[in-house]
Amino acid sequence: MKQPEAGESAASVAIKAPLERVDQWQAAAYGSGDLGFNLYWTTVSLYILYYYTDVLGIPATAAGLVFLLAMLWDAVTDPVMGIIAQRTRTRWGSYRPFIAAGAVPLCLSMMLLFHDPGLDGIALIAYALAVQILFRTAYTIANIPYSALASSMTDSSRVRNALSAWRISLATIGSAFVGYSTLKLVSFFGQGDAARGFFLTATLYGVLSLPFLLTVSCRINEGRARPRQAMTVSLRQALGVLRHNRPFLIVLAATMCATLGGVISSKTLVYYFKYTLGDEAAVGMAFAANSLIILIATPLWAVLTLHTSKRFVWRVGAICSITGSVLLFLNPFETVWVVVGLVALVGTGAAAGYLSFWSALPDTVEYGEVRSGLRVESPTFGIMSFAQKASYGLAVALAGMLLDLIGYRPNVEQSAATLADLKAVMTLVPAAFILIAVLVIGHYSLDARNHARLVTILRKRAARESRNSALS
């Protein structure tokens, strides 16, 4: 990591952006990390509720609450990890050492997450909660520093847009692989024993993730030293900065709403395929189609962003997702391929949301720095990660409660009323949350031109501090 040279203040070093143009190799190396992380995130996102209810036999409401409580644990670990990473200074940088150190524990905790302990009742629920907390902690240690890397690598909004495109594109490869292959691998490895199949599949995914996470820790150039004040900023100070950061709060609220909608939809889709379409394994095609359409659509949304704005692309994408959800609810053709096509339409809109989110969030760091004089890049990602996970946990808990409310019972034929309600939960409830996100993101005004002004202010401020330091 570059240190201040003679006559050069720490602040001036902090705002020099090493990536003023897109270095495709660095961008690809950075994006590969999210491919690795999505082997974990997508597996848990799509299948953990199903694994708890239909494999371990945990009641749906209890399974959802386990996930919610574990996510709330992130209320402690995510912000704290953000502060720890920002204060860290090593010869390898502030963030990369945590990614390297967290890779193997994350793999091992994933294996435990899908291990059947042979318990039942309260003991089984307690085990599931303890392992969820362990997994979430390991994920936080590696993932919060990874997410903060984008704001450290460059202060260019355009380059961040490219980094986000690479990140999402490669992440969707991991998501597509997991979505399509998981139940097939469970069947292959388990040979009739679903618990064994899930454990071996989770082990495979954990091992496959290691090269990608280690590539990030070895190949990425963080490129910037933290300002001296960033090394001592407290969690209280960081929360104070973020509380007055309007663009951050808008992105936070919109993302939480979109997460609630997306998670409820994905969590209930597997039940829809199993009990309505009668083809449980075919859900893999829907998940894969969703991921592949995101892979295809993301570069197109990125180009449109360059000619419009992140706000515009985010809202248009959300409207696409809402349209797909409503059409899925109204769809009279209960066939696999029609459903897969409509899920892909929802995914097209989701791609715009993912791109805009990961591109917009780093820009809010400079907004907060201009207003407060404090740069809180890693805490920004820590707080946002917690908010996403809290929304995620709330969505899983809500999905579990709704399943019980509509009369769902695992591994038996469902009533016509239950199936109708399941379809509404899978489509209309998510569409309502995404509609709220559309309304919220309409207030986001930090476009590329406004962000460039912020960067200019920060560079002039750093140059002035550098001159004053030299004179003194």
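Between the helical axis of 336-372 and the longest alpha-carbon principal axis of the chain there is an angle of about 30 degrees. Seen from a random direction on average, the alpha-carbon convex hull of the chain projects onto 20.6 square nanometres.
Net charge near T61, counting Lys/Arg +1 and Asp/Glu -1 over other residues with Cβ under 14 Å of its Cβ?
On the way: positive: K267, R409; negative: D404.
Cβ neighbours under 14 Å give a net charge of +1.
Helix 448-471: angle to the longest alpha-carbon principal axis of the chain, degrees 0 to 90, nearest 10? The two axes meet at around 40 degrees.
State to the nearest 20 debye the size of the charge dipole of the chain about its Cα centre, where the only charges are +1 on K and R beta carbons and -1 on D and E beta carbons.
Working: 37 positive and 25 negative charges, 439 e Å.
Here the size comes out at about 2100 debye.
Size descriptors for segment 250-289, from the alpha-carbon set: Rg then Dmax equal 13.1, 41 Å.
For the peptides 92-98, 184-190, the ranking by packing is 92-98, 184-190, with the highest mean count of neighbouring Cβ atoms within 10 Å listed first.
Rounded to the nearest 0.05, what FRET efficiency is calculated for N450 and L249 with R0 set to 25 Å and r the Cβ-Cβ distance? Given R0 = 25 Å and the Cβ-Cβ separation, E is 0.95.
Show that you can apply the helix-only estimate: for the chain, add -39,500 (n - 2.57) for every DSSP H stretch of four or more residues, divide by all residues, and state [θ] at 222 nm to the nearest 500. Intermediate results must be reported in sequence, preceding the final value.
Working: 15 runs with 372 residues, N = 472.
It lands at -28000 deg cm²/dmol.
Mean projected area of the Cα convex hull of segment 267-403, taken over all directions, amounts to 9.8 nm². Just to confirm the number: angle between the C-alpha axis of helix 246-275 and the first principal axis of the chain, 0 to 90 degrees, nearest 10? Once rounded, the angle reads 20 degrees. Each Lys and Arg adds +1 at its Cβ and each Asp and Glu adds -1 at its Cβ; summed about the Cα centre, segment 141-230 shows a dipole of about 320 debye. Quick check: the distance between the Cα centres of segment 108-133 and segment 291-319, to the nearest angstrom? About 39 Å separates the Cα centre of segment 108-133 from the one of segment 291-319.
Which of H451, H115 has the fewest other C-beta atoms within 10 Å, and how do the rest follow up to the most? Could the numbers behind the result be given before it?
Values: H451 23, H115 16.
In increasing order of surrounding Cβ atoms, one gets H115, H451.
In the distance distribution for segment 376-452, Cα-Cα pairs more than 17 Å apart total 65 percent. Distance from the Cα centre of segment 351-367 to that of segment 47-91, in angstrom? That distance is 23 Å. Counting neighbouring beta carbons within 10 Å and listing from fewest to most, the residues E280, E413 come out as E413, E280.
For H451, the shell of other residues with beta-carbons less than 11 Å away shows a net charge of +1, using +1 for Lys and Arg and -1 for Asp and Glu.
I'd like the per residue volume of the convex hull spanned by the Cα atoms of segment 115-168, given in cubic angstrom. Mind dumping the intermediate values first?
Numbers: hull volume 5.2 nm³, N = 54.
Roughly 96 Å³ of hull volume per residue.
Starting with the fewest neighbours, write out S385, S359, S466 ranked by other beta-carbon atoms found within 10 Å of each beta-carbon. List each step's numbers first, then the result.
Numbers: S385 22, S359 28, S466 18.
Least crowded to most crowded, the residues run S466, S385, S359.
Remark: the E334-V76 segment gains 88.5 nm on full extension, using 0.36 nm per residue and subtracting the alpha carbon distance.
Would you list, by chain and number, the aspartates and glutamates whose Cα falls below 19 Å from the Cα of K310, excluding same-chain residues fewer than 8 positions away? By straight Cα distance, K310 reaches D155, D363, E366, D447.
Readers should treat all values here as calculations from the given coordinates under stated rules, not as data from a laboratory. Fair warning: this is a prediction, and the values are worked out from it, not measured in the lab. Don't worry about glycine lacking a Cβ; one is built from the backbone with ideal geometry, like all the others, and counts go over all protein chains shown.
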